[in-house]
1. Is the C-alpha gyration tensor of the stretch 39-134 telling us rounded, prolate or oblate? Criteria: a/c under 1.5 is rounded; beyond that, a/b larger than b/c is prolate, otherwise oblate.
2. For each pair in 81/156; 28/81; 81/130; 130/156; 28/130, compute the distance between the two Cα atoms and list the pairs where it is over 25 Å.
3. Work out, step by step, the length gained on full extension between residue 170 and residue 29: first 0.36 nm times the residue separation, then minus their alpha carbon distance; give nm to one decimal.
4. Give, as ranges by residue number, the residues of the stretch 213-228 whose backbone N falls under 14 Å from the point 7 Å along Cα→Cβ of residue 234.
5. Applying the Karplus parametrisation 6.51 cos²θ - 1.76 cosθ + 1.60 with θ = phi - 60° to the phi angles of the stretch 63-69, what ³J(HN,Hα) value in whole Hz is obtained for each residue in order, glycine and proline being reported as x?
6. Mind ranking 70, 176, 84 by accessible surface for me, highest first, 1.4 Å probe?
7. Going highest first, how would you order 72-78, 118-124, 155-161 by mean Cβ packing within 10 Å?
Amino acid sequence: MPGDEQEAKKAAQRTEEGVHITEALITKRNLTFPGDEDLSEKMFHTLGELETVRLDREGITCIGNLEKLRNIHSLYLQSNKIQRIENLACITSLRFLSLAGNQIRHVENLLDLQYLQFLDLSENLIETLKLDELPESLLILNLCGNPCTNQEGYRKMVIGALPLLLDLDKQPILERWTSDEEDKSSDDDDEFPELNGPFCAERGFFKDLEQELHQHQERRQQAALTEHLSRMETQPVLTDLPLLPAVPMAGDCSSTATDQPGKESAPKATSSTQTASSTKKQVSKNQKSSVQARKGALAATTSKTSQAATPSMTKTTNKKSTK
């Protein structure tokens, strides 16, 4: 049918022309969120605010249309069908670039990326590596899976061309890590030169040190003693308590003193020893009076019983006499 033939021709034309990077594709992958349609407007208003752009696995055949990505620092283009490295000079702020799994044959057009630190070109078709096309700012470079890695002296040649490189093909450059540590240690030595070499003590050093420690110990003991004496001097002093009135015990016959009207009694302050002695005398008097009261009560009961028994005896004698 003629309609099917036209669609086939258009598809073949698209494959010949290739898939290009467009603003619609960038928006679809980085600014469209199916869960929230308004999220793109909340987070990003323009493409110029994007910092990370992901365009992997889109069948892209050529790089382009990146001029509006002014603030981008990371670009993911792995697993596409890109054949050339091109049109990247407009994003000079780029620091991370992944082009792994493409169809690239030459390293080119990267010198304008002065801040590029990570470059992944693994699993491509690079046979001849042009070292002068690599920016010297690179810290990590991955060329695994390319024919150029099989060349004799490849690793040594790449390390010599990139003075800042710390990792090549997922393997750290140990000599540069070690040199960095040595540079730091040398800086520390310059800052503290007295730490260089063995420790040397002058004559009498340990004797002076011992005397200083002994003096320090004496000062601490003297300070502790002074603090102890000051605490002893500031102990609270017990004040004299007023004399408590005597409380009469049960059975006490002694009369209690009553205050006369119109007269006021003023308490007299006495010492604690006088209070104790007067309290003891009062207690002894109360005990004596209670003993006397008990004796008097006993005598009274015996006299009553004797009086009660006397008339009965007289009655019995009278009866006997009448008989």
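1. prolate
2. 81/156; 28/130
3. Gain on stretching residue 170 to residue 29: 47.9 nm.
4. 226-228
5. With coefficients 6.51, -1.76 and 1.60, one gets 9, x, 6, 10, 5, 7, 8 Hz.
6. The ordering from most to least exposed comes out as 70, 84, 176.
7. Packing order, densest peptide first, comes out as 118-124, 72-78, 155-161.
The values are calculated or read from the model by the stated rules, or taken from the named source; none is laboratory data. No experiment lies behind these values; they were computed from the predicted model shown. For neighbour counting, all protein chains shown are included, and Cβ atoms are generated from backbone atoms with ideal geometry for every residue, glycine included. Heavy atoms of the whole protein, side chains included, go into the accessibility calculation; ligands, DNA and RNA do not. Shrake-Rupley method; radii C 1.70, N 1.55, O 1.52, S 1.80 Å.
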